[in-house]
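Below is one structure; the comments refer to it alone.
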Amino acid sequence: MKQSLLNQQSPHLSFFVFHLSSQPLLCFNKGRKYMSTNTQFVTIKEASRWASEFLKKEVSESNISYLIQYGKVRKHNGGSNVLVDIDDLRGYYESSRGEREVNWKKRLGDDLNWALSFDNLREMDTTKHVHRLHPYKGKFIPQLVEYFIDNHIDDFKKDVYFKPGDIILDPFSGSGTTLVQAKEMGIHAIGVDISRFNCMIAEVKLFNYELSFLEEELSKINKSIISYESNSKIVVFEKELLEKLSEFNNKYFPSPSFKYKAQRGQINEGNYAAEKEKEFLKVYNEFVKKYGIELNNFSAKNFLGKWYIKNVRKEIDFAFEQIKRIKDIKNKMILAVILSRTIRSCRATTHSDLATLKDPQITTYYCWKHKKICKPLFSIKTWFDRYAIDTLYRLKTFTKLKTNSHYAVISADSRTVNILEEVKKRNKKFYEILKKQKIKGIFTSPPYVGQIDYHEQHAYAYDLFGFERKDELEIGPLYKGQGTEARASYIEEISKVLLNCKRFLVDDVDIFLVANDKYNLYPEIAKKSGMKIVNQFKRPVLNRTERDRNPYSEIIFHLKG
């Protein structure tokens, strides 16, 4: 474990905890109190050090700022410094630390493997480098792949399943998490997915780019989007609207004090929010009428017509036309993915419903995520600029970590695909390696029965890029439900995938399947596939983005066959 920040300091170095009244200061040295007061205040920097010592892991200043911003702890005015109360901070951490593990095990069982929760990691760790190039519902975190396929990840693990030079397969590769981690660890990887767009996301993560050339292309496209003016009234309209919105939110939803009160139930958030939402809506409607702003077309049959403000729709079309003119195929694809990520964020919906769309949101509304009145987006410019910068940074970071291992991304049906022939089409050198040594194992997360429609979650991209949708070939989609018939079909189809893959695997194969098996389907799947479950690991799934935060677990099944 890393030495804590406080213990790295000189034994003579102290830092102070400020009190807002005239009471004496409280001094800390190496984490020990010398004086006690009822209320103990520290700066954000000092709170970061205190929390790092208290939790025995690094807590950055931005982590503390986040707690203040979202009302988890109260903000206090210390003149030129923002201060927090140590007791407030301790209360927050004590309610969410060890008690969290105890409570989760109480509800989900003592067989929960807490080590696989990776609760010591920050979000920036679980979304490192290219893993956050594009949102993808249902993906697992890269550390889960590392744990099972990297023999260096845990010194206490006795079993080593894969080593550099081996070949690993993901027959439900999605956005490419397994492939990216294999590339980082020197393991050859093959990914198969029925969705063409999923494969596109995976491919752009793995490509080798001429980064200086890509940077020029990004800059050129970004400038053309910024200079494009589809409706000059939009700029003036948004400027005036934002000024009024800022004034209104500062008055009725002051941050972070309102969030703090809402978190603790000191205000009836629902009633208050509804009242203020209605009040500001009058202002919004006046501005729309004043500037003659066109909103959207509710009767539109296509996704882009229904879910985007008309000005945004025009900007999307313009940006895509610029991208289509790019000659380098890799640069064209990564810019298309940046545009896709952008337009996902610019859909006319509430911030809370980005993952699961409900109804088009074309008016101002109370945002349960940000605890204030928010508005729909009327331009893609800011988001495209932000994602272009972020993408370039992530690609540069991953470039330094990549090995020269081979990979293949195959858009096909895993029940029938001839992996050997498909790899041969893409990479002759990799084909020779595959033919000689076969696939050492599988690490994948099959679709969960009746939970996600995988094509529909990226409907905007299919609409824009014109890719063929193959919804009917998805296994266990949401639209088929979770009834008896759906479960029987799921068992049959997952078994077909494993049986087809067995043709290309070594005899003593290791297969890891990440599944939410609440209907106990995988023992039957293993049996139908001629395999045996030799171990299983039940892990808690933390940091979920949806509003339903009830304790939830999944199982990693280890199969041999």
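The values are calculated or read from the model by the stated rules, or taken from the named source; none is laboratory data. All values reported here derive from a predicted model rather than from experimental measurement. FYI the Cβ positions are ideal-geometry reconstructions off the backbone, even for glycines, and counts take in every protein chain you see. Heads up: the accessible areas ignore ligands, DNA and RNA and are worked out on the full protein's heavy atoms, side chains in. Shrake-Rupley method; radii C 1.70, N 1.55, O 1.52, S 1.80 Å.
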### Summary
Checked the stretch 258-287 for anything touching a helix residue (DSSP H, G or I) at 6+ places or on another chain (Cβ under 8 Å) and of a type in the set (A, V, I, L, M); matches are Ala262, Ile267, Val283
### Task
Of the conditions (1) out of contact with any helix residue (DSSP H, G or I) (no Cβ under 7 Å at 6 or more places or on another chain); (2) part of a helix (DSSP H, G or I); (3) of a type outside the set (D, E, K, R), Ile323 clears all except one; give me its number.
(1)
### Query
(1) of a type outside the set (D, E, K, R); (2) touching a Ser or Thr at 6+ places or on another chain (Cβ under 6 Å); (3) not in a loop (DSSP other than H, G, I, E, B): which one isn't true of Tyr454, the others all being true?
(3)
### Task
Would you mind stating whether Gln181 is outside any loop (DSSP other than H, G, I, E, B), at pLDDT below 95 and not β-branched (Val, Ile, Thr)?
no
### Task
Run down Ile226, Ile267, Ile221 and say which single residue is aliphatic (A, V, I, L, M), within 30 Å of Arg394 (Cα to Cα) and open to solvent by 40 Å² or more (accessible area, probe 1.4 Å).
Ile226
#### Entry: Members of the stretch 443-474 that are farther than 22 Å from Ile141 by Cα and of a type outside the set (Asp, Glu)
Ala459, Tyr460, Ala461, Tyr462, Leu464, Phe465, Gly466, Phe467, Arg469, Lys470, Leu473
### Task
Would you mention how many residues in the stretch 358-408 are among the aliphatic types (A, V, I, L, M) and either closer than 22 Å to Leu214 by Cα or assigned to a helix (DSSP H, G or I) (or both)?
6
### Task
Select from the stretch 302-332 the residues that are of a type outside the set (D, E, K, R) and under 26 Å from the mean Cα position of the chain (by Cα) and list them in ascending order.
Phe303, Leu304, Trp307, Tyr308, Ile309, Val312, Ile316, Ala319, Phe320, Ile323, Asn331
### Summary
Of those in the stretch 286-322 that are of a type in the set (Ser, Thr, Tyr) and either buried (at least 19 other Cβ atoms within 10 Å of the Cβ) or modelled with pLDDT of 90 or more (or both), the residue farthest from Phe378 (Cα to Cα) is Tyr291
### Query
Restricted to the stretch 68-82, and to residues that are within 17 Å of Pro254 (Cβ to Cβ) and not basic (Lys, Arg), which residue is most open to solvent (accessible area, probe 1.4 Å)?
Asn77
### Task
State whether the residues of the stretch 183-200 include one that is closer than 29 Å to Phe140 by Cα and surrounded by fewer than 20 Cβ atoms within 10 Å (Cβ to Cβ).
yes
### Task
Within the stretch 87-108, identify whether any single residue is over 27 Å from the mean Cα position of the chain (by Cα) and in contact (Cβ under 8 Å) with a residue 60 or more places away in the chain, and answer yes or no.
no
### Task
Check every one of the helices (runs of 4 or more DSSP H) wholly within the stretch 61-134 and list those with 3 or more residues that are under 26 Å from Thr43 (Cβ atoms) and modelled with pLDDT under 90.
61-69, 86-96, 123-126
### Message
Just the residues that are part of a helix (DSSP H, G or I) and surrounded by 19 or more Cβ atoms within 10 Å (Cβ to Cβ), please, taken from the stretch 41-53.
### Response
Ile44, Glu46, Ala47, Ser48, Arg49, Trp50, Ala51, Ser52
### Scope the stretch 226-261; condition among the small types (Gly, Ala, Ser) and out of contact with any Lys or Arg (no Cβ under 6 Å at 6 or more places or on another chain); matching residues
Ser227, Ser232, Ser246, Ser255, Ser257
### Task
For the stretch 319-347, name all the residues that are farther than 15 Å from Ala461 by Cα and in contact (Cβ under 8 Å) with a residue 24 or more places away in the chain.
Gln322, Ile326, Asp328, Lys330, Asn331
